[in-house]
Amino acid sequence: MSSPYASKFWKKNWDKGVEDLDPKEFDTTYPEMIAETFKTYADKMAIEYLGVELTFKEIDEYSNQFANMLIDHGFKKGDMVGINLPNTPQYIIALVGTLKAGCIVSGVSPLLSAVQIQYQINDLGSGGKNVALITLDAIFAGHIVKIADKMPQLKVVITTSVASFLPKIKQVLGKALGKVPKGKVTPLEGKFVLDLHKDVFGKYSTDPVNVEITPDDIGWIQYTGGTTGPPKGAMLSHRNCISNMKSIIAWLQWEMGKGILCSGFPYFHIAGLTVCESSLYAGFGQLVIPNPRDTDHIVKVMNKYHPTNLVNVPSLYQLLIKNPKFREIDHSELGTCISAASPFPKESQIELESIIGKGKLLELYGMTETSPVSTMNPSIGEKQLGTVGLPIQNVELKIVDPESGKEVPLGEPGEICVRGPLVMQGYYNKPEETKKAIDSDGYMHTGDVGLIQEDGFIKIVDRTKDMIIVGGYKVFSSKVEDALTKHPAIGMIALIGEPNPDRPGSEIVNAYIQVDPTYEYDGNEEKLKKEIDEFAREQCAPYEVPKKYHIMEEIPLTAVGKVDKKVLRKK
């Protein structure tokens, strides 16, 4: 019996003009690919940051200085650079400069603890590679000085500030008002400590470097939190990432040089990184958002620059929806609004489209290990709210039974498996983990449970690790969360399973609830729990109904804005 997935039947619902790309198009490197863009759009605004604009020529020259600094300090092709910054111009400059020098980029979240930073830097350096770290002076003073002697491969530390690109008067005012955290930068024994503006931009040549890199060289090692165990570094080649960027741009039918992008995704996360890199390559202007929770600032820059594309996680769209100023903006120039990284309740999707315009919201699906995008809703054709769209160009996809590994029929849930030029090279220094993730046929086992409809549209049902087993029945937490979100009291909800002491092998469903701020809540928890429980019994199958309800002031979120179920599991 032939596989229903082999025919790629979903292609019939791709937008007109979208086709698989010639693999030869991926036969390049990121620095080579963007060189033409930097030349063509030299004087065009590349980024806007807190009122300051930088052109493509300036990004090009600053990144050349960063690359020259790395080479001057003995960094060679394949050495590592950790970027420990929020969304700032410095992140983009260090990113491009690192790749130009033939080195490998690794996003290091500025929200990590000292111990977590130490783990990532040491993991990067474990193969005897040189490691550099660009960080905020405040993180340097708070974390790096305490762990520097425990990171032997860390050779160079470059410091900067969130205000470094702002005019001097704004820097002074920011410090006076306590808005710009400042840390004292001191020497570190056995390491070079540089100030980005003074020691890099003030001293190094803006001439391009000459480093030979190939499409199959690793350009990025992005760490995935995972649900168990320490973070793993997904190794992505230039070919991996370029295949994804070119596919995304062709899918969205972007016109070179004709767009303004506003993204709240952090650059240290693969989604924010890819959006940023794609935007640079396409010659789009980018509105750099240092704090995505500051929705007033997002509204302010949207009013001034009229972005054509908006990219966010669902929780941040929900914050924007709640800001009355966002509702007042003229959204007529806004085209596609992309949502990714976690499930987006359908009620909120409908509310968002009532503000920005029907048919503009586009959900997609991906993960770090697939560079990252595997599926997207059509850019022009009809989008199906509540689905993550169709497999994109050059992607082979199938749904399998997580236990047997056999393909399941269309319409039945199973684990999503992906193959194609987007699949990572493996986990850094973790061959056994790589074997578990990528099978002998080259399919990446995503750990996500989904189903594919007969029209090719895919619904994400759950993470395999978030699936709760109740008396032999599978409870897909995201499905129940979506149903319960319709209750007016629920602003945010997360379901967690815990072992049932009375029934070995079975679990109890726990619901963690953050009350919607617009709901008139009198503080009577028991009364509210009873109301939600009654609602759940109407909306869900008996085995799906939570046995325990926990009302929380604030549900914990990851740095990207996803619900942090790891924290909830520890409660």
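Identification of strands (runs of 3 or more DSSP E) wholly contained in segment 482-571 with 3 or more residues that are within 21 Å of residue 321 (Cβ to Cβ) and in contact with a Ser or Thr (Cβ under 8 Å, 6 or more places away or on another chain) yields 490-499.
For segment 413-438, the candidate set comprises residues that are of a type in the set (D, E, K, R) and either in a strand (DSSP E or B) or touching a Lys or Arg at 6+ places or on another chain (Cβ under 9 Å) (or both); within that set, the residue that is farthest from residue 454 (Cα to Cα) is 430.
Kindly evaluate residue 318 against the criterion of being part of a helix (DSSP H, G or I) and either at pLDDT below 95 or crowded, with 22+ Cβ neighbours inside 10 Å (or both). The answer is yes for residue 318. Residues in segment 502-520 that are in contact with a Leu (Cβ under 7 Å, 6 or more places away or on another chain) and within 15 Å of residue 491 (Cα to Cα): 511, 512.
Residue 381 satisfies every condition listed in (1) in contact with a Leu (Cβ under 6 Å, 6 or more places away or on another chain); (2) surrounded by fewer than 22 Cβ atoms within 10 Å (Cβ to Cβ) except (1).
A quick yes/no check of all residues on (1) outside the structural domain of residue 112 (by TED's automatic domain parsing); (2) modelled with pLDDT under 95; (3) among the aliphatic types (A, V, I, L, M):
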{"site": "497", "(1), (2), (3)": "yes, yes, no"}
{"site": "510", "(1), (2), (3)": "yes, no, no"}
{"site": "520", "(1), (2), (3)": "yes, yes, no"}
{"site": "535", "(1), (2), (3)": "yes, no, no"}
{"site": "539", "(1), (2), (3)": "yes, yes, no"}
{"site": "551", "(1), (2), (3)": "yes, no, yes"}
{"site": "564", "(1), (2), (3)": "yes, yes, no"}
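Among the residues of segment 332-341, are any of a type in the set (Val, Ile, Thr) and surrounded by fewer than 21 Cβ atoms within 10 Å (Cβ to Cβ)? No; the residues of segment 332-341 include none that is of a type in the set (Val, Ile, Thr) and surrounded by fewer than 21 Cβ atoms within 10 Å (Cβ to Cβ).
Which one is nearest to residue 510 (Cα to Cα), of the residues in segment 453-469 that are at pLDDT below 90 and in a strand (DSSP E or B)? Among those residues, the one meeting the criterion is 468.
When 154, 111, 136 are checked against the criterion of being hydrophobic (A, V, I, L, M, F, W, C), closer than 24 Å to residue 234 by Cα, free of Cβ contacts under 8 Å to residues at least 60 places away in the same chain and out of contact with any Ser or Thr (no Cβ under 6 Å at 6 or more places or on another chain), 154 stands alone in meeting it. The set of residues from segment 288-326 being farther than 28 Å from residue 366 by Cα and in contact with a Ser or Thr (Cβ under 9 Å, 6 or more places away or on another chain) comprises 323, 325. Looking only at segment 48-57, decide whether some residue is among the small types (Gly, Ala, Ser) and either touching a Phe, Trp or Tyr at 6+ places or on another chain (Cβ under 8 Å) or within 25 Å of residue 191 (Cβ to Cβ) (or both). Checked against the condition, which is being among the small types (Gly, Ala, Ser) and either touching a Phe, Trp or Tyr at 6+ places or on another chain (Cβ under 8 Å) or within 25 Å of residue 191 (Cβ to Cβ) (or both), segment 48-57 yields no hits at all. Residues of segment 509-528 that are surrounded by 18 or more Cβ atoms within 10 Å (Cβ to Cβ) and over 34 Å from the mean Cα position of the chain (by Cα): 528 alone.
Flag not set for residue 242, criterion: more than 28 Å from residue 462 (Cα to Cα) and in contact with a His (Cβ under 8 Å, 6 or more places away or on another chain). Within segment 78-129, the set of residues being touching a Pro at 6+ places or on another chain (Cβ under 9 Å), of a type in the set (Val, Ile, Thr) and outside any helix (DSSP H, G or I) comprises just one member, 88. From the list 544, 454, 531, the lone residue that is in contact (Cβ under 8 Å) with a residue 40 or more places away in the chain, within 31 Å of the chain's Cα centre (by Cα) and surrounded by fewer than 20 Cβ atoms within 10 Å (Cβ to Cβ) is 454. Within segment 112-138, the set of residues being surrounded by 19 or more Cβ atoms within 10 Å (Cβ to Cβ), more than 22 Å from the chain's Cα centre (by Cα) and β-branched (Val, Ile, Thr) comprises 131 only. Under the condition of being modelled with pLDDT of 95 or more and among the hydrophobic types (A, V, I, L, M, F, W, C), which residue from segment 166-205 is farthest from residue 72 (Cα to Cα)? Filtering segment 166-205 for residues that are modelled with pLDDT of 95 or more and among the hydrophobic types (A, V, I, L, M, F, W, C), the one farthest from residue 72 (Cα to Cα) comes out as 188.
The values are calculated or read from the model by the stated rules, or taken from the named source; none is laboratory data. Just so you know, these numbers come straight off a predicted model, no measurement behind them. Counting neighbours? That spans all protein chains shown, and the Cβs are built from the backbone with ideal geometry, glycine included.
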